[in-house]
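Working notes, beginning with the structure itself.
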Amino acid sequence: MMQKKSNDFFSYPPNLQMLDLASMVGMYRMRGEPRRAPSGEYFACCRSRKLIKEAKYWFGLFYSQSAWDQLLTKDSGGYPLTQIEFSVMGFCVYPPEENNHRSAIESHTGFIPQLTFLIVNDLKQFGFIQEYDNGLLAITNTGQKALEGFAKRVYEARFSADMLALDHREYARPGLEQAKKKDPVQTRLF
């Protein structure tokens, strides 16, 4: 896996999976929304730490317009790209296990399946990828430019397949610990 040279891009909260599905989807749909602070109140820009009256919203964080613009990558068309969107577009170029079916690409992102489904739909809607009738995904020219812009920003290099390995621990879903029996001999009730 190629090392990142910059973390100057949008990212999803690492504990996002703790929310119920409706909350997750709601926050996802509200990302980038302009917000105005109530009268007599202010937001704090999470990058500059300055108080502001108007901000853009990102999963509980507030960004001034200039801070938001700084995080947008070249050729993204104003779309806030994260490592997940980058991976989806990258897997359209270098499909995992030579399989560019939507389900294969979604499963290889290492992210929350329901949000990955929404991300793929948004990438299609914004013209970064296209989906064929048989479920295969392909990157568009616009998507290729956005992919290269993200690669340049984060890795300071042209896009390559070794940029696609994700640290799956960042979005690991907590598992339930299996209770252990005290006595290996099971008692009969009847």
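If the chain linking Leu19 and Ser103 were pulled fully straight, counting 0.36 nm for each residue of separation and taking away their Cα-Cα distance, it would gain 27.9 nm.
Applying a DSSP loop filter and a limit of 10 other Cβ atoms within 10 Å to the trypsin sites (Lys or Arg not before Pro) in the range 1-95 leaves Arg49. Taking every protein chain into account, the accessible area of the chain amounts to 60 square angstrom per residue (probe 1.4 Å).
Using the empirical formula 2.2 N^0.38 Å as the baseline, the Cα radius of gyration of the range 1-84 reaches a ratio of 1.17.
Simple spin-label estimate for Lys124 and Asp69 gives 3.4 nm between the two label positions (7 Å along the Cα-to-Cβ direction from each Cα).
An ellipsoid equivalent to the range 70-148, defined through the eigenvalues of its Cα gyration tensor, has semi-axes of 19, 13, 11 Å when rounded to whole angstrom and sorted largest first.
Among 120-131, 83-94, sorting by the average number of other beta carbon atoms lying within 10 angstrom of each residue, highest first, gives 83-94, 120-131. Grab the beta carbon distance between Asp133 and Phe59, set R0 = 41 Å, and tell me the FRET efficiency rounded to 0.05. Approximately 0.75, to the nearest 0.05. Quick one: net charge around Arg35, please, counting Lys, Arg +1 and Asp, Glu -1 for every other residue with C-beta under 10 Å from its C-beta. That works out to +1. As a fraction of the 1.4 Å probe accessible area of the range 56-134, surface on carbon and sulfur atoms comes out at 49 percent. Placing a label point 7 Å from the Cα of Arg47 along the Cα-to-Cβ direction, the residues of the range 1-21 with a backbone N closer than 12 Å are 7-11.
On the range 1-53, 53 percent of the accessible area sits on carbon and sulfur atoms, based on a 1.4 Å probe.
The values are calculated or read from the model by the stated rules, or taken from the named source; none is laboratory data. Just so it is clear, the model here is predicted, and its values are computed rather than measured. Cβ coordinates were reconstructed from backbone atoms using ideal geometry, including for glycine residues, and neighbour counts include every protein chain displayed. With ligands, DNA and RNA removed, areas are computed over all heavy atoms of the protein, side chains included. Shrake-Rupley method; radii C 1.70, N 1.55, O 1.52, S 1.80 Å.
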